[in-house]
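The values are calculated or read from the model by the stated rules, or taken from the named source; none is laboratory data. Note that the structure is a prediction, hence the values are computed from the model and not measured. Here the Cβ positions follow ideal geometry from the backbone for every residue, glycine too, while neighbour counts run over all protein chains shown. For the accessible areas, the whole protein counts, side chains as well, though only heavy atoms, and no ligand, DNA or RNA atoms are used. Shrake-Rupley method; radii C 1.70, N 1.55, O 1.52, S 1.80 Å.
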Amino acid sequence: MSDRPGEGLVRHMTLSLDSLKALEQRLIDLNEKERAQLPGLDDLRADTILPGTVMLRTLLQLAGYPAALVCESALKEGLVVSYFAHRNVGLAVDLPEEI
């Protein structure tokens with residue numbers, strides 16, 4: 001069992017595109033100092049939460065998905081691994097075909 005608070009509570013939850021758009025607008029309306037004070041947000045991520053939200057919203061829109069499955073693992077790393085694993089760019093030759 002992990003010592004991280006809340007771990008395991010988000011399994012099988014989804015984040016709708018509409019909710020993500022509303023969150024993005026809320027984050028736009030806040031400055032970095034105000035974002036750092038949001039409950040549940042590590043103040044070290046106050047400068048990256050908005051760009052990350054924009055990136056996720058854009059990915060969902062481009063892919064045509066109405067929602068994202070919430071995951072406890074790191075999204076950025078998974079996206080990078082998936083991107084290189086599914087393209088013949090020579091950077092992921094040791095990765096398995098299916099991720």
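Brief remarks on what is shown
- Region 36-71, residues that are open to solvent by 60 Å² or more (accessible area, probe 1.4 Å), within 15 Å of residue 13 (Cβ to Cβ) and modelled with pLDDT under 90: 40, 69, 71
- Region 1-35 - residue that is modelled with pLDDT under 85 and open to solvent by less than 80 Å² (accessible area, probe 1.4 Å) and, of those, nearest to residue 66 (Cα to Cα): 10
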